[in-house]
Amino acid sequence: MDDRKKKQIIIGILGVFLIFSAGCGKKEVTFVQTEEIQEKEGQLLGESAYNEQEQALQEENEPQHIFVYVCGAVENPGVYELPADARAFEAVEKAGGFSEEAYEEALNLAKPLEDGEQLFIPTPAQWEQGVEAQDMEKGKEASDGLVNINTASKEELCTLSGIGASRAESIISYREEQGGFQSIEEIKNVTGIKDGLYEKIKDSIKIK
């Protein structure tokens, strides 16, 4: 065999080897890429399963039912189990509806209910007595000459020295946002009421 044929044979063998090596390399790269994709897919599936489990746990922890005591002028007073999002009219229906003596206008039938709540349905006489009791309580509050900044109307607040309509409205807005004043000094947090004005009205106001 001459040298020329030997070179051709050697070149051919090298060519086959290179082609084989290149093919193996591609397979390895493809294998690695497939592993990475599978790993990412697994992570996404894991996160999705975790989110679904978390949502299921939250739904389980949320109360599905509440118990409400319906009493007063209804046909069958008692404790009733209702859906967690029940309204007052549903509780009245559970108790057999209003009795003949019920003063239906005293109740907001669209009112949302809470677990453990007592829903009292008054008669007209009981309703009037309740209104009278409230009026008497207000009369007692007014008898000391002090203005209750937690309950006073805009007109009552305007009777205070230095308090005009805009400041009275600010006081009402503040107490509604904050759930009422915890001390008379807290009124200084209301816009437009500084130390000087507070000193003028502090002896004329109360919170209870």
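Just to verify a result, which residue in the range 181-193, among those that are open to solvent by 70 Å² or more (accessible area, probe 1.4 Å) and outside any loop (DSSP other than H, G, I, E, B), is nearest to L146 (Cα to Cα)? Spell out how you get there, then give the answer.
First, the residues of the range 181-193 that are open to solvent by 70 Å² or more (accessible area, probe 1.4 Å): 182, 185, 188-189, 191.
Cutting the leftovers down to outside any loop (DSSP other than H, G, I, E, B) gives us 185, 188-189.
Details: E185: 15, K188: 18, N189: 20 Å.
If we take residues in the range 181-193 being open to solvent by 70 Å² or more (accessible area, probe 1.4 Å) and outside any loop (DSSP other than H, G, I, E, B), then E185 is nearest to L146 (Cα to Cα).
I'd like the full set of residues that are out of contact with any strand residue (DSSP E or B) (no Cβ under 7 Å at 6 or more places or on another chain), in a loop (DSSP other than H, G, I, E, B) and of a type in the set (S, T, N, Q), limited to the range 142-180.
Of everything in the range 142-180, those that are out of contact with any strand residue (DSSP E or B) (no Cβ under 7 Å at 6 or more places or on another chain), in a loop (DSSP other than H, G, I, E, B) and of a type in the set (S, T, N, Q) turn out to be N150, T151, S153, S161.
One line per residue, one yes/no per condition, for (1) at pLDDT 90 or above; (2) surrounded by 10 or more Cβ atoms within 10 Å (Cβ to Cβ):
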| residue | (1), (2) |
| --- | --- |
| A49 | no, yes |
| E60 | no, no |
| P83 | yes, yes |
| R87 | yes, yes |
| G96 | yes, yes |
| K111 | no, yes |
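The values are calculated or read from the model by the stated rules, or taken from the named source; none is laboratory data. In this text the structure is predicted, and so the values were computed from the model without any measurement. So basically every Cβ, Gly included, is an ideal-geometry build from the backbone, and we count neighbours across all protein chains shown. These accessible areas exclude ligands, DNA and RNA; they are computed on the full protein's heavy atoms, side chains included. Shrake-Rupley method; radii C 1.70, N 1.55, O 1.52, S 1.80 Å.
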